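Derivation of every value follows stated rules applied to the coordinates shown; laboratory data play no part. Predicted, not measured: the structure shown is a model, and the values here were computed from it. Glycine also receives a Cβ, built like all others from the backbone with ideal geometry; neighbour counts cover every protein chain displayed.
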Amino acid sequence: MTEAEEETELVQETEQVEDAGKKEPRIGVFVCHCGHNIADTVAVEKVVEYAKTLPNVVHAEDYMFMCSTPGIDLIKKAIREEHLDRTVVASCSKTQHGPTFARAIEEEGINKHMHQQVNIREWCSWPHIKDKDGATEKAKQEVEAGVNRSRKLEPVETRQISTTPAALVIGAGIAGLRAASDLAALGVRTYVVEKESTIGGHMTQLNKTFPTQECPQCSISPLTNGVAHDKNVTLMTMAQVKNVEGSFGNFKVDVEISPRYVKDNCTSCGDCSAHCPVEVPSEWDSGMSMRKAIYKAYPQAIPSTYVRDKKACIECQTCVNVCPAQAVDFSQKKETKRIEVGTIILATGYDEYDPSEISAYHYHQDGYEDVITQLQLERLLVAGSITNSQLLRPSDGRIPRRVTMIQCVGSRNDQVGNKYCTGVCCMFAIKNAQIVKDAYPDIDVAICYIDIRTPGLNNEEFFKKAQEKGIKFIRGRPGEIQRDPVSGQLYVIVEDTLSNTPLKIKSDLVVLSAAMVPPKSIGTLGSALQVLRDKTGFIKEFHIKMNPVKSSRDGIFLAGAIQGPKDIPQSVAQAGAAASLAAAPLVRGYIEKEMLIPQIDYDLCVNCGLCISACSPNAIYRDAADNKVKINEISCKACGLCGPACPTAAIQLKNFRDDEIEDEIAALAVAPREGGHVHE
Amino acid sequence: MSENESKKRNVVVFACNECGQGAMNTAGVARIGYDTAIKIVPLQCSGQANPVLILEALKDGADAVGVVGCCIGACHFVNGNMLSMHRIKLMKKLFKELGYSDQQINHYTARAAEGETAVGDFEDIMVRLKRAEKEGNTLPGGW
Amino acid sequence: MTIMSVKTKQSQVQPQNLPAPETKRQFKTSDDFDDDYLKDIERRSNINACIQCGTCTASCESGRWTAFKIRNIIRKVVLGDLSALDDPDIWQCTTCYQCYERCPRDVRPTDVIIELRNYATARGNMSPAHRAVVANLKETGHGVPINDQARQLRVELGLEELPPTIFKFKDEGELQRIADLLFNVAPPREKPASKDNLKEV
Amino acid sequence: MPREKIFAYFLGCIAPNRYPQLELATSFVMQKLGYELVDMERASCCPAPGVFRSFNKVDWMVAAARNICIAEQLDLNILSICNGCFGTLADVNKHLKADEAARAEVNERLKEIGDYEFKGTVEVRHVAEVLAFEVTPAKIAPLLVRKLNAKAAIHYGCHLLKPSAIKQLDNPEKPHMLEDLVKVLGIESLEFKDKQTCCGAGGGLKSFSAYDSMVILAEKMKNISEVEPDFILDTCPFCHLQFETGQDYLNKNFGTSYDIPVLHLSQIMAYCMGLDEAKIAIDKQMMGKNYSLDAEAIVCD
């Protein structure tokens, strides 16, 4: 016999001793007819008779509707008269009425975890309508299993954990700002961390928003200003989350803030920028214009303080000398702030896909300057753009005669590894096509698409409007963008699949509808937050249908495109949901948690730490003090994955211990027998 | 064969708290029938079904054991279903090497919204079990 | 009235050698399809993932000049449309792999065409010119056999008159074995592909 | 493990049977570079990836495997001077190495032909790729005795680079291996429209429908002639044949007057390494008979 076996032997003995110490459990079994639903298939009375023969069952009865008030009263009465200390109700699924009965026994002063629900409807009478005897036998087994299971159940306390009354929002795009202002409105102290020098995100880069052609700057400015000046909000720009400790309700977050090299007394007069000799492409302008080494992303930028790009700067000190407020300060250093929050909202948004990967489209290659992305087109058309909102093509600054747009660039493409549909590009392109057509009626605009996807109110109508304006929709994905080396003319080669005709579309400007991809920085941030990412790289929601706002980790919620490509309204809606979910435990002041957690038998524990690696919510840790494995009761999710990982069965989830489940199995593995089966 | 068909069996199916049990509830609601041999043991996560429990079930006399979890990538506890899947792959290997059929223990996934996925799993369990019985190298119960 | 009379006149006219109505059928029925026959192509390529985006046709040099429309052919194969087997257009592909390189769903259209041509050949759908090429191979071991001009040039260049290829050793019998064993293509057939005559191959 | 700096020399069909000057030029170049080329006796047609693979994929693999086996018996890697041969042999070699079932099937068939068994011990190389990546332009430069001053329209052909997943040589959309390579010879590569498209010969189209094949070539020639190159530079005898016979065909049938010489990489490389012009045998080709390569001698010191 191996050591392990000996030890398990040992456990069972000690358990028997313990059991002997406890007073015998008194179990009440209640079998429900559920009208005809159960009783027509399962011989309920037979089941009750059988239940009466089982050890520790001191009471068993059946009733038409156990969940009804009279039914509940039967249970309560039995508890009082028979001094039951645990109940087994054989009726519907535990999700349907399990809580009802649990509440009932709680009202009788018994811990709700002492109730065992047995499902003889969904799992027995309904699927086995055709086999009444079989169903009855199975029901007996299930009830016995329930009784066996209930025998060793222990009370589980529900604990209140007080929460740190503050929230952190990572990312100050439309989603982050929306969430932040909603949190602030609920009176929650909110930290907003943005890695860029300004807030507002991609939305501030846009020219118009579909389907109403509104001005995004006007839509978002109340938010940017609001958040920036809200007394409940602390704004941290040029800041990045480096490390997260603690768990739901009480996180400790380290935020690293890079220096602006310009002090807050900056009056934003712009002299520094005006005198700066260095010019580099402006990121905020998607490279469509140049900026200085000391700059402000755009005139309305918030915060309005200028910022110095250390990489580009040649340290000529001109800005230092010309600044009337002596605000420029090269000596500023990186600093790390530690903030304490109860919940976190992740809203870092997306990056635009870089089409140069698809070499047949020659994006960014010499001679193909007139191949741009939708975001770059926005930057051309936006008010106050370098072209003064005129559509002048990059190569020669002339107005194009023909504009061709290409959809699904980096979306629905196995070759580049983005299999998903970005979902917004159709509307994005349809909008820009209309803007171009409205401003320049004699420009021919064509959109090459695989499928036009415009779900939702007003979107299909918007598409129809575009058709009516004479924008040509060509169903085909271009194979290549071709350039005549002599004339420099661009051609888009595409098959119009609806007429089976390969087309060679002469194009003066080609606009690529590039996909939304996860931001480059998300890898490190994701691991700092210990949230799960799916294979696309976006952050994975807790449940794709039932909980798309929560992340895989308790207390961390998702808003906007970081969870997957989204348009503005979707991001705003999710941000609102995230804010309320994140605020609830903070406003209430505590989180409630049932202490259904594993227990460690330190006599058996060999301190190997395998349970630590098996624990997905990272709730198990090694205590530095005594080098023992401990459990963070708050972050434990009671999944029981630690159990199988343990070589000595030292760690066991309460009420799901191996021996308890073995008892349950004992009844199900063989045909029912008078007196039942007890696991030996 | 008919004897083989009529034989009363007991199959222990461990079902996770989310998609596993969910799918089985949906199947019931849709009144999709399956063999009464199927006996469901609710767990928190399919990853909780450890070899000890699986062997106990067979030892106690179960004819076969199935573990049903969420679809790969959809585990509510990140990777419990993966752990379980790999664990059962290993157990199958072991069974083969011991000269027993590896068709007695199987891992499945189901979708809470689609009862037929669970029922499909149940049917597959029975098919494999019957095949194993025909080959006559199933693990004897009650050892 | 007049119209009436005209109608009656026409109806009295007996139409002379017009094509039989059934030959004018534009729609297809299940008899024109076979799910299983082309299954192998599905297995060896990835056509079921095709979204008919047209990247292949747009990338196809041949398609710009000939009736060859790779996307349509892929579609036919996906549907199991047997007319693909008798479609002469499948022989217009130059196997330049441009579609293969660009397909966003990794369908590998060039391979599909090759597979399809294998099926067509097996059914005897093969051009005389191609039969001639096969004959060359069987006879000389070369798709393009040597000619007197080349022999002369070889000598002028100081090379051996015959290259050391199988043709030089044609009398050893190995060439004969190759000829006997490889590329024994099916004889030409008249009947177009349909469910009932598939198995004949 | 096959030895280095020595190859089994796979001729194919068109090189030895139509353009022996390519065969000669290649051996000259490789020998200058200190390589040894061993004849592959009894090698047959590769067989062509367009035609023969279309007729019967398995037979095609068997015939190709037989050629590879000849090299395996010599324990030498294969050197090919033709994109088609390279396409067939490299693809089949890779496929049979990976797919055991296919290898077994093919080996069964091979037994009936002769004493052959595909073992998967050798690699298949193309002369262009050997020169570009193994020898590298830097090592070629010192061996040159002539430097050209010419503008060329480079035609890669299809099967040299594609399928890129198998060949993994260069980006098929915008390659530069040949441009970089011939720069040392003093050749400037001209950009022309649709540079990467097919010459129209492949896939059995030339034999299936010579006319359609020529229609495709007509566009190609139009784009090439637009940029007025001194000659067309290819790496494939079949493309070579297509450009040669094609120009003639177009002139005869569509009143064009093309007379652009067509040169294989090996020819031009050999010439710059000192092979005399007569052996390049441009005058024996159909196009640019009177064209003489304008080169200045490199004075070695």
Inset, instruction - Under 12 Å from the Cβ of D:E72, count the other residues' Cβ atoms, weight Lys and Arg +1, Asp and Glu -1, and hand me the total. - result: -1
Legend entry - In segment D:6-127, lysine pairs closer than 15 Å at Cα, eight or more apart or cross-chain: 4
Inset, instruction - Using Cα pairs closer than 8 Å and at least 6 residues apart in sequence, work out the relative contact order for segment C:129-181, in percent. - result: 38 percent
Legend entry - Net +/- balance of residues flanking D:Y9 in space, Cβ distance below 10 Å, scoring K and R +1, D and E -1: -3
Legend entry - Averaged over D:206-216, number of beta-carbon atoms from partner chains that fall within 10 Å: 5
Inset, instruction - For segment B:46-60, take each phi angle, set θ = phi - 60°, evaluate the Karplus expression 6.51 cos²θ - 1.76 cosθ + 1.60, and give the result in whole Hz per residue in order, putting x for glycine and proline. - result: 4, x, 7, 6, 8, x, 4, 4, 4, 5, 3, 4, 5, 4, 5
Legend entry - Whole-Hz couplings from phi, Karplus 6.51/-1.76/1.60, listed for segment A:281-289; x for Gly and Pro: x, 7, 5, 4, 8, 6, x, 7, 9
Legend entry - Three-way shape label, segment B:15-131, alpha-carbon gyration tensor, a/c 1.5: oblate
Inset, instruction - Could you order peptides D:173-183, D:191-201 by the average number of other Cβ atoms within 10 Å of their residues, highest first? - result: D:191-201, D:173-183
Inset, instruction - Name the shape class, rounded, prolate or oblate, that the alpha-carbon gyration tensor gives for segment A:352-517, where a ≥ b ≥ c are the square roots of its eigenvalues, rounded holds for a/c under 1.5, and otherwise prolate holds if a/b is larger than b/c and oblate otherwise. - result: rounded
Inset, instruction - Select from segment A:18-116 those trypsin sites (Lys or Arg not before Pro) which occupy a DSSP coil region and have at most 14 other Cβ atoms within 10 Å, ordered by residue number. - result: A:K22, A:K23
Inset, instruction - In whole Hz, with x marking every Gly and Pro, tabulate ³J(HN,Hα) for segment B:115-130 from phi via Karplus 6.51 cos²θ - 1.76 cosθ + 1.60, θ = phi - 60°. - result: x, 4, 4, 5, 4, x, 4, 4, 4, 4, 4, 5, 4, 4, 4, 5
Legend entry - Contact order relative to length of chain A, as percent, for alpha carbon pairs under 8 angstrom and 6 or more apart: 14 percent
Inset, instruction - Report, in deg cm²/dmol and to the nearest 500, the calculated mean residue ellipticity at 222 nm for chain A, where each DSSP H run with n ≥ 4 adds -39500 (n - 2.57) and the sum is divided by the residue count. - result: -8500 deg cm²/dmol
Legend entry - Residues with amide H under 5 Å from that of D:A43, placed H, sequence gap 5 or more: C:I166
Legend entry - Amide H partners (placed H, <5 Å) of A:R533, local residues excluded: A:K540
Inset, instruction - Over the whole of B:67-80, what's the average partner chain Cβ count within 10 Å per residue? Rounded to a whole number, please. - result: 4
Inset, instruction - Provide a whole-number value for the mean count of partner chain Cβ atoms within 10 Å of the Cβ atoms in peptide C:130-140. - result: 4
Legend entry - 222 nm mean residue ellipticity, helices alone, for chain D (DSSP H n ≥ 4; -39,500 (n - 2.57); rounded to 500): -13000 deg cm²/dmol
Inset, instruction - Scan around A:R86 for amide H atoms under 5 Å from its own, H built in the peptide plane at 1.01 Å from N, and keep only partners 5 or more places away or cross-chain. - result: A:R26, A:G28
Inset, instruction - Return a whole-number percent for the relative contact order of segment A:41-102, with Cα pairs under 8 Å and 6 or more residues apart as the contact set. - result: 24 percent
Legend entry - Of A:A274, D:A8, C:T29, farthest towards positive along the dipole that unit charges on Lys, Arg, Asp, Glu beta carbons give the protein assembly as shown: A:A274
Inset, instruction - Give the shape of segment D:6-127 as rounded, prolate or oblate, defined through the alpha-carbon gyration tensor: a ≥ b ≥ c are the square roots of its eigenvalues, a/c under 1.5 means rounded, and otherwise the shape is prolate if a/b is larger than b/c and oblate if not. - result: prolate
Legend entry - Summed residue charge, Cβ within 12 Å of C:K76's Cβ, Lys/Arg positive, Asp/Glu negative: -2
Legend entry - Segments D:115-127, A:261-273 sorted - mean Cβ within 10 Å per residue, highest first: D:115-127, A:261-273
Legend entry - Protection proxy ranking of C:81-94, A:298-311 - average other beta-carbon atoms within 10 Å, highest first: C:81-94, A:298-311
Legend entry - Fraction of antiparallel bridges per DSSP, the protein assembly as shown only, in percent to nearest 5: 40 percent
Legend entry - Beta bridges per DSSP with both ends in chain D, % antiparallel, nearest 5: 10 percent
